[in-house]
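Chemist: Once you've had a glance at the structure underneath, I'll fire off some questions.
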Amino acid sequence: MPTNNTYILHFNAEEPEFDRVYLEHYAALHHYAYTLLEDNAHADEMVQDVFLKILERDEPLSIHTSLKAYLYRSVHNECMNYFKHQKVKQKYQQRSMNQADNHTEHALNKLQYREFEKHLLKAINGLPEQCRTIFQMSRFDDLKYAEIASQLGISIKTVDNQMVKALKRLRQQLADYLPLLICFLVKIFK
């Protein structure tokens, strides 16, 4: 086989030479793969893949080191490729899970917001008439207290008192939705 430190390998599955090389090196290569992977079945798979690739080659294989070194390097490369594949698989699974979580969270947020809107409208409609009118003029029409007082013919102090009353009642009735209520009120103030 050797010619000036170059080995030429060309096997087919029926050749006794392949069986000899396989049997001679399998146990040590499997042990080496096992030390890298810590999994018996995957170690076996890596060694089998190395020998299968040698068998499937159409052209002879030129080895410029020893056959043993070549086989060890091949098993090492197979194991490293396995690790890379596992990392890619994990990243993909993690990304898929994150996307599913985000989608679920987004749908849940929309559902919670719709629920909040329904309760908010019910709470606003439950305010006494003057209180509701002042709240709506302030929050929905963006009017200042002085403008509301002028339009309704009441004092600014009355507008202020009615707003305090409205906000207090809304906070009490929407306590379960406090984070959404805060976001809603902050949006309105902008």
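Chemist: Taking Rh as the Kirkwood radius, which is the inverse of the mean 1/r over Cα pairs, what is the Rg/Rh value for segment 22-101?
Modeler: Numbers: Rg = 15.7 Å, Rh = 14.0 Å.
For segment 22-101, the value is 1.12.
Chemist: Go through segment 114-183 and name the GluC sites (Glu not before Pro) that are in a DSSP coil and have 14 or fewer other Cβ atoms within 10 Å of their Cβ. Mind showing how you got there, number by number?
Modeler: Values: sites: E115, E117, E129, E147; in loops: none.
Loop-located and lightly packed - none at all.
Chemist: Find the Rg to Rh ratio for segment 18-65, where Rh is the Kirkwood radius over alpha-carbon pairs and Rg uses the same atoms. Before the final figure, lay out the partial values.
Modeler: Numbers: Rg = 11.7 Å, Rh = 11.5 Å.
Radius of gyration relative to Kirkwood radius: 1.01.
Chemist: In the structure shown, do any of K122/K144; K68/K91; K91/K118; K110/K157 have a Cα-Cα gap over 31 Å, and if so which?
Modeler: On the way: K122/K144 24 Å; K68/K91 35 Å; K91/K118 40 Å; K110/K157 38 Å.
Over 31 Å Cα-Cα: K68/K91; K91/K118; K110/K157.
Chemist: With the crude spin-label approximation of a point 7 Å out along Cα→Cβ, what separation in nm comes out for T65 versus L167?
Modeler: So the two model labels end up 7.5 nm from each other.
Chemist: Using 1/(1 + (r/R0)^6) with R0 = 25 angstrom and r between the beta carbons of E56 and T35, what's the FRET efficiency to the nearest 0.05?
Modeler: Values: r = 26 Å, r/R0 = 1.05.
About 0.40, to the nearest 0.05.
Chemist: Please list, in chain and number order, the residues 5+ apart from L61 or on another chain whose amide H is under 5 Å from its amide H, with Hs placed from the backbone.
Modeler: Amide H neighbours of L61: L9, H10.
Computed from the coordinates by the stated procedures, all read-outs in this text should not be read as laboratory data. In this text, all values refer to a predicted model and were calculated from it rather than measured experimentally. Here Cβ is always computed from backbone atoms with ideal geometry, including for glycine, and neighbour counts include all displayed protein chains.
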